[in-house]
1. Going by a ≥ b ≥ c, the root eigenvalues of the Cα gyration tensor, does the range 246-295 fall in the rounded group (a/c under 1.5), the prolate group (a/b larger than b/c) or the oblate group?
2. Kindly provide the helix-only [θ] at 222 nm of the chain, computed as the sum of -39,500 (n - 2.57) over DSSP H runs of four or more divided by all residues, to the nearest 500 deg cm²/dmol?
3. On a C-alpha basis, how far is the centre of the range 229-260 from the centre of the range 71-115 in Å? Whole number, if you could?
4. Could you tell me the relative contact order of the chain? Use alpha-carbon pairs under 8 Å, at least six residues apart, and round to a whole percent.
5. For the range 149-299, calculate the relative contact order in percent as a whole number, restricting contacts to Cα pairs under 8 Å that are 6 or more residues apart.
6. If I model a spin label as a point 7 Å beyond the Cα along the Cα-Cβ vector, how far apart are those points for residue 35 and residue 151 in nm?
7. Can you sort 3, 121 so the residue with the fewest Cβ neighbours within 10 Å comes first?
8. Which angle between 0 and 90 degrees, to the nearest 10, do you get for helix 22-31 versus the longest principal axis of the chain when only C-alpha atoms count?
């Protein structure tokens, strides 16, 4: 939904002037990188490994705009519009901007994105926004509504969309600053336990000013809560990473699911649930779904 709203807002900021059907073009383009989730299985690839890779990186920026233009071109051939023939150069530019918006948004959360694919498999993480942020939805929807209303009244309809876009950028900047401060405030508290190997500020749904900070040393992991003006406070529970578990060492040699998970995982750990060992990721402790749990005991 967020990508569609961003694509629509970009169109209302003026991109729809670039060509007939540029508006649907930029919305299609803003969503197109997520095609990797649908084509991974038919291609015999792991969806977890393939997602947020090629189509979200440099490779996607080169190819996806042309795919979006082709989709709009075919649609126009089947159902010609009343606005006249397509301006392919303008449509391609609108679709490029739409595609670019997708990995830029995906970068902003803790899930990550491989921006340099296919030249590098490195993950990049913004640690700024929750994957689903209703506050951004609200700003985008208001911007679109006021833009449509201005157009109906014969006013400058690009201006409300631009205001909403600026508000979103300001919101992102504020959240980035909160995340940086949350990590910095938590690090000295972790140092009392051991040398921090990683400190990651995780976003909290709805309460954007709060952070659940995840930290880990070479052997242990834990969390902390952070609020501006209150500072950080470590949670009492500390768990072992268990990455030296012999079952994990064996599984890495024999189980492709484990290898795929480790390629994707940023903060892996081995946990016990109901007497069985699972490979999990510290970023998603509450989501006991098969997406974030790989069994190590498959006998």
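1. In terms of gyration-tensor shape, oblate.
2. Theoretical 222 nm ellipticity from helices: -15000 deg cm²/dmol.
3. 39 Å
4. The normalised contact order for the chain reaches 13 percent.
5. 13 percent
6. 2.6 nm
7. 121, 3
8. Its long axis makes an angle of about 10 degrees.
We did not get these values from a lab; they are worked out from the coordinates using the rules stated. Just so it is clear, the structure is predicted and the values come from calculations on it, not from any experiment. Here Cβ is always computed from backbone atoms with ideal geometry, including for glycine, and neighbour counts include all displayed protein chains.
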